[in-house]
1. Would you kindly find the accessible area of Met202, with a 1.4 Å probe and non-protein molecules such as ligands, DNA and RNA excluded, rounding to the nearest 10 Å²?
2. Which cross-chain or sequence-distant (5 or more) residues have an amide H under 5 Å from the amide H of Cys618, H modelled 1.01 Å from N in plane?
3. Points 7 angstrom from Cα along the Cβ direction at Arg279 and Asp218: gap in nanometres?
4. Amide H neighbours of Thr521 under 5 Å, at least 5 residues apart or on other chains, H built in the peptide plane: list them.
5. I need the peptides 413-426, 751-764 ranked by packing, meaning the mean over residues of other C-beta atoms within 10 angstrom, with the highest value on top.
6. What does the charge count around Val360 come to, taking other residues whose C-beta lies under 12 Å from its C-beta (Lys +1, Arg +1, Asp -1, Glu -1)?
7. Please list Glu162, Glu235 from largest to smallest accessible area, probe radius 1.4 Å, with all protein chains kept in place.
8. Could you tally the net charge around Arg372, taking each other residue with its Cβ under 13 Å from the Cβ of Arg372, Lys/Arg +1 and Asp/Glu -1?
Amino acid sequence: MKRLLRILAYLLVGLTSLSLLGCIAVGIGYLVLAPGLPSVKTLEDVDLQVPLRIFTADDVLIATYGAKKRLPLHYDELPKELINAFVAAEDERFFEHPGVDYQGILRAIWYLVRTGEKGPGGSTITMQVARNFFLTPERSFLRKAKEILLALQIDSQLSKQEIFELYVNKIYLGHHAYGVGAAAEIYYGKSVTDLTLAQLAMIAGLPKAPSALNPVTDPERALGRRSYVLDRMRELGFIDAQRYRQAMAAPITAELHRAEYEIEAQYLAEMVRLFMVERFGEEATYTKGYRVYTSLRSKHQRIAVRALRMALYQYDERHGYRGPLEHIELGKDRGPPHWREILERYAQVADLRNALVLAVDESGAELVSEARAAPWRLPWSGIRWAAPESDDGGDDQAARPATVAPVLERGDVIRVRMTEAGPRLAEVPEVQGALVSIAPSDGRILALVGGYDFELSKFNRAVQAQRQPGSSFKPFIYSAALHSGLTPATLINDAPVVFEDNTLDGAWRPENYSGHFFGPTRLREGLVHSRNLVSIRILQRIGIAPTIEYLQRFGFAPDELPHSLSLALGTATVTLLDMARGYAVFANGGFRIQPYFIKRIVDRDGHTLFAANPAAACADCIGQQSPPPANAPAQMMLSIGAAGASGAEQWHPAPRVIPAANAYLMSTMMHDVIRRGTGRKALALGRSDLAGKTGTTNDQRDAWFSGFSPSLVTTVWVGFDRPQPLGRYETGSKAALPMWMAYMGGVLKGVPEQPLQRPPGLVTVRIDSRTGLVTSPDNPYAMFETFRADNIPVAESQAASRTAEGIPAPPVPWLF
């Protein structure tokens, strides 16, 4: 008995000594390792890499930039079942231990003693936080010791909720998903709060092996891991038997959900990205979690994309069908899986669907496509447009096919677009287009489309393409004419003329688009019917140099304008945004605004870093500032000032650059362009508050329409990237105006008309439509015209009596 007591005493002393030595070793290890450990305080203000996100003004996400997909969540935003799932799978005593689970460590040590190898066990959620934020993933005893010491420090300085929040926002969960917020979006396309128990358990099982155990890469192994998590949740009492059985029976519903944005706005998103990189640097732009709220309106942008593509498809159909993408010889026994393999070789483009022709008959074609499980029909009504390819764009009924057979055959790989009337044979247009729409009140870009499809071409034609605007530039020349003293009733002789212009090559013989000449023409009619000779004579009368100086008021830089009479025909090179900015001066009553596309920039915590500070049109403001430089880069200009305490947008008055009377008269003249001139197709919109001007360049290389309502300015363009003729009759009225109409009609639908506000200082009198002189009511050629009160033409009777008395009459409004 004494011997047994002696042995027990020795064992007790030995264990005590070993414990003491262990404590000493731990103390020495702490003293050695602690100085080299990072400060845990950095976790109190951790800087997770969060991508740049870009939104419309009405909070619709349009783009995300950044390699790591992360949506940080606060602890109180996490579902209770998600917390329980992670605790069950990773660290059941998380809320009890001091950062290190000694029971788990003992299990790991016992495994080492038994096998001689490092094994599982002992790694808590807190230790994983220490490893993920401070240490490398190597497996060594030294790293484990550092991990334990750091975990103890973390647990002593942060709450359990803070530690768990760091953990679920930092961990990698496969497929570029960092954190549970991003994982929910990528695997299920939902917010984490909308996930089922089975889906939450699936995500909670990922940290062990995110690449191997995720449900997309290996569904079978992922299902096993999910079962383990659910088993542990039931064992720990987190779920009852019924919920356990339901979750275990749930099928795997995970699939990759790439970012699918509600609207297409990649061209403007790229403008934002470039701006952010320039302002904040590349690394900060993609990792600091900035949120940029643009000026775009989602409704406007959605309609703009649809309008542009519609116009390009219509142009494409007018010029015939170029044929299928490819023809495949199909064997009789080939089944649907083989058809899918064929279609997978072709990229999805814009809103077109790839399809394979299985059979054709008199009523149409039978197709199969990836989007539909069973074959479906393309009716003859969607095929009959497909005449052979043509350059002239004419509607040659004789060239159209009489049956399907000349157009399609079994084995053709084609593209189809869906319309309100049903599916329609289509192809990717070779022609391009662009649209930009701004608010004339302060320059907000409300919609911008830089081309048919950003994935096919990232060149932004709305702000980068320098093209000749043709006749859509004429309103600026006519505004200069009014400024010089001419009136809408001034007569200009529309007759053949030859100019010996030193700035041009030899003699220049300009002519009207129609090839006809119309003699004495009032200024208003010259613009309404886009008479080239009238515009040239106006420019010659008022002078090239004074006109170029005047055009700076609209934002055009003098060194970018031709110093020749061809300026009257729109031979300057401009961008769509330049034109929209210029037309905004007419729409807002004479103020020059600066287009901008960023309203607000906020950091990840919601603090406003910058807010737009636009110059706004304000007829009642006193002491407007002088105009900014004409060469300010409109396409990238952003008027931003430091945000106020509330982070609210601010504004200041825009400079008045032309008199209100000038803007009003020009608006009425462009209203007549739509009412009875080259833009009269727009009458189909049924609105009386629209104004605008068509534009067509030589050989129909560019087709334009710029126009506005009092609250919306929109410029559209159609042309080839490498300038070439669009084809016979492809004018601004035919190729571009339908795009403008589709957009304006959609955006203004249901919006009450806004009558043009007439400023003071104008009078309306009867004139003789033949002479432009004031006349009596009984004149059969009498009509009404509006003038500045100090610039009314002389009356016909007064002119006649002065002539009879030998008194020189005031000059008749007549040029050449």
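1. Rounded to the nearest 10, that gives 10 Å².
2. Those qualifying (amide H under 5 Å, at least 5 residues apart or on another chain) are Ala654.
3. Inter-label distance under the simple model: 4.6 nm.
4. Ile492, Asn493, Asp494
5. Details: 413-426: 17.3, 751-764: 12.3.
Ranking the peptides 413-426, 751-764 by packing returns 413-426, 751-764.
6. On the way: positive: Arg377, Arg410; negative: Asp361, Glu362, Glu366, Glu409, Asp412.
Counting the neighbours of Val360, the net charge comes to -3.
7. Accessible-area ranking of Glu162, Glu235, largest first: Glu235, Glu162.
8. Details: positive: Arg340, Arg353, Arg377; negative: Glu366, Glu370.
That works out to +1.
The values are calculated or read from the model by the stated rules, or taken from the named source; none is laboratory data. Predicted model only: the values in this text are computed from it and were never measured. Neighbour counts run over all protein chains shown; Cβ positions are idealised from the backbone, glycine included. When the accessible area is computed, the model is the full protein with side chains, heavy atoms only, and any ligands, DNA or RNA have been set aside. Shrake-Rupley method; radii C 1.70, N 1.55, O 1.52, S 1.80 Å.
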